[in-house]
Amino acid sequence: MAEDPVSAILEDVSAARLRADVDRLVGFGTRHSLSAVDDAARGVGAARRSLRGEFEAIAAESGRCGAAALRVALEAHAVPPGPRVPQPAEIVNVVCEIPGADAAFAGRRHYAVAHYDSRASDAMDAASDAPGANDDGSGTAALLELARVLAPRRFDATIVLLAVAGEEQGLLGSRAHAAAARVAGLDVAMVLGADMIGDPSGPSGERTDDRVRVFSEGLSRALDERAFRAAAAMGAGCDGPSRQLARYVADVARRESTDVQPILVFRNDRFLRGGDHTAFVEQGFAGVRLTELHEHYDRQHQDVRIEGGRPYGDCAEHVDATFLAGVTRLMAATLVHAVRAPAAPPNARIVATGLAYDTTLRWDRVRGAGIAGYEVVRRATTAPDWEHVHDVGDVNEVTLPFTKDDWLFGVRAHGTCGYRSPVAFPAVARQ
Ligand SMILES: [Zn+2]
């Protein structure tokens, strides 16, 4: 069966359904993580049951069954008292896994993450209205829409759509999930955090409908001190796995000419703010954050009110479904490329045994069928993104006539179907 081109998948993304999802989430009044769990219509419990129901309906409509069936679950984590949790609490994530069809690749997990909890002005106020239309009803709606357009298709590797709670109380749901993934040794290949991707307008009337910021950490904070020092000494501070993922998003966006193009921000997140991608970054996984260009602080973490003639609150009318659909398409394109591509080549290294004018790179071959070959990418040490591509064929070693003193290198695999892996940044090795 021929694969759908990425463009056909992106065309399926519906602004109208995203609009309806955001409105439904707002309809729960508040989704504060400590709000009512038993109320049928209001609070975090009603919201998560609704999300589970939506994912289950999508699973049923997808026609998948048996081992290929979508796995939808509520994932509860007991949380001890903390700065924003006065008493022991239960934080419940909603997970929808689209299992990979190829046993050799199904272990590779590609995440989209958003938080479905919301907050009012006071982070502890679980009673007041907290519509959370944009923060992060927009990201949560994107997860549902991704499920709708991806579930009917078959991919080799696994996609995980993770709607977490407890973000506003301190990344509680995502930290619990990411830590468990690390303990279980899961192969988390990438994490796209979507948090505030629905409002293209800013506080002074400015508006950008065709760009989204992609935040990424430069050097992994999870490295031990020795690895950190070695990377810093070799000028590898801009080449951690999250930064490679950010460049991957940009590469896919260029190849697919998505309506919304990323602006890479070389920083893990904004000042004084957090996001769920960080929970995965802390565990050493590759994670980025997608957020609209302009922020409107009157619409974030604010009680809904009029004060001094100005409206406050994260209300549904500020979410632009067309823009949200554009960002959702960028996420879908990135996920589809990644799950159709081979994994990044393992054990990539620059061989440095003696002084040399050229550069020798080695890597381990990617397991499995469908590998067309490998590409070495290269850029100046001051360049933000890869500038040159060398198609080196189906080999696991190459020597290029450029000095490693002046260039940065990476290696990626490309599949027979034309999709490329993220770039593996080489370590320095003796062999
Ligand atoms: Zn948020």
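Readers should treat all values here as calculations from the given coordinates under stated rules, not as data from a laboratory. It should be emphasised that the depicted structure is a prediction, and the values quoted were computed from it without experimental measurement. Cβ: placed from backbone, ideal geometry, glycine included. Neighbour counts: every protein chain shown.
With R₀ set to 45 Å, the beta-carbon distance separating Ala127 from Trp407 gives a calculated FRET efficiency near 0.20. Explain nothing, just the number: relative contact order of the stretch 225-360, from Cα pairs under 8 Å at least 6 residues apart, as a whole percent. Once normalised by length, the contact order is 22 percent. With contacts taken as Cα pairs under 8 Å and at least 6 residues apart, the chain reaches a relative contact order of 16 percent. Our estimate of slack between Ala429 and Ala15, defined as 0.36 nm per intervening residue step minus the Cα-Cα distance, is 144.1 nm. Restricting to bridges with both residues inside the stretch 84-208, how much of the DSSP beta-bridge set is antiparallel, in percent to the nearest 5? Here the share of antiparallel DSSP bridges comes out near 30 percent. For the chain, give me the percentage of DSSP beta bridges that are antiparallel, rounded to the nearest 5 percent. Within the chain, antiparallel bridges account for around 65 percent of the total. Over the stretch 349-429, calculate the relative contact order: mean separation of alpha carbon pairs under 8 Å at least 6 apart, over the residue count, as a percent. Once normalised by length, the contact order is 38 percent. When the charge dipole of the chain is built from unit charges on Cβ atoms (+1 for Lys and Arg, -1 for Asp and Glu) and taken about the Cα centre, the candidate among Gly354, Ala120, Ala184 whose Cα reaches farthest toward its positive end is Gly354. Span-like helix criteria (full DSSP H runs; alpha carbon extent of at least 24 Å along the helix axis; mean Kyte-Doolittle hydropathy of at least 0.0) are satisfied in the chain by 321-340. With all projection directions averaged, the alpha carbon convex hull of the stretch 44-100 covers 4.8 nm². Here the stretch 349-429 is treated with +1 on each Lys and Arg Cβ and -1 on each Asp and Glu Cβ, and its dipole about the Cα centre works out to around 260 debye. Taking a Cβ cut-off of under 13 Å around Thr403, the surrounding Lys, Arg, Asp and Glu residues balance to a net charge of -1, with basic ones at +1 and acidic ones at -1.
In this calculation the C-beta distance from Arg367 to Val395 is compared with R0 = 22 Å, giving a FRET efficiency of 0.90. For the chain, a crude dipole built from +1 on the beta carbon of Lys and Arg and -1 on the beta carbon of Asp and Glu, taken about the Cα centre, is about 1140 debye to the nearest 20.
Couplings 3J(HN,Hα) of the stretch 103-119, computed from phi: 4, 6, 10, 5, x, 7, 10, 10, 9, 10, 10, 8, 10, 8, 6, 9, 8 Hz, in residue order, whole Hz [Karplus 6.51 cos²θ - 1.76 cosθ + 1.60, θ = phi - 60°; x for Gly and Pro]. Each label point was placed 7 Å from the Cα along the Cα-to-Cβ direction; for Asp298 and Ala67 their separation is 5.6 nm. List residues of the stretch 349-371, by number, whose backbone nitrogen lies under 13 Å from a label position 7 Å along Cα→C-beta of Ala104. Flagged as within label range: 365-371.
Quote the FRET efficiency, to the nearest 0.05, computed for Glu317 versus Val183 with a Förster distance R0 of 56 Å and r equal to the Cβ-Cβ distance. Once rounded, the FRET efficiency stands at 0.85.
Average projection, convex hull of the Cα set of the chain: 21.0 square nanometres. Measuring max minus min along each principal axis, the C-alpha atoms of the stretch 43-185 give extents of 46, 31, 20 Å (largest first).
The alpha carbon centroids of the stretch 324-350 and the stretch 411-430 are separated by 12 Å.
Of the peptides 217-228, 169-180, the order by per-residue mean of other Cβ atoms within 10 Å, starting with the highest, comes out as 169-180, 217-228.
Spin-label model, Ala230 to Asp209: label points 7 Å out along the Cα-to-beta-carbon direction sit 5.0 nm apart.
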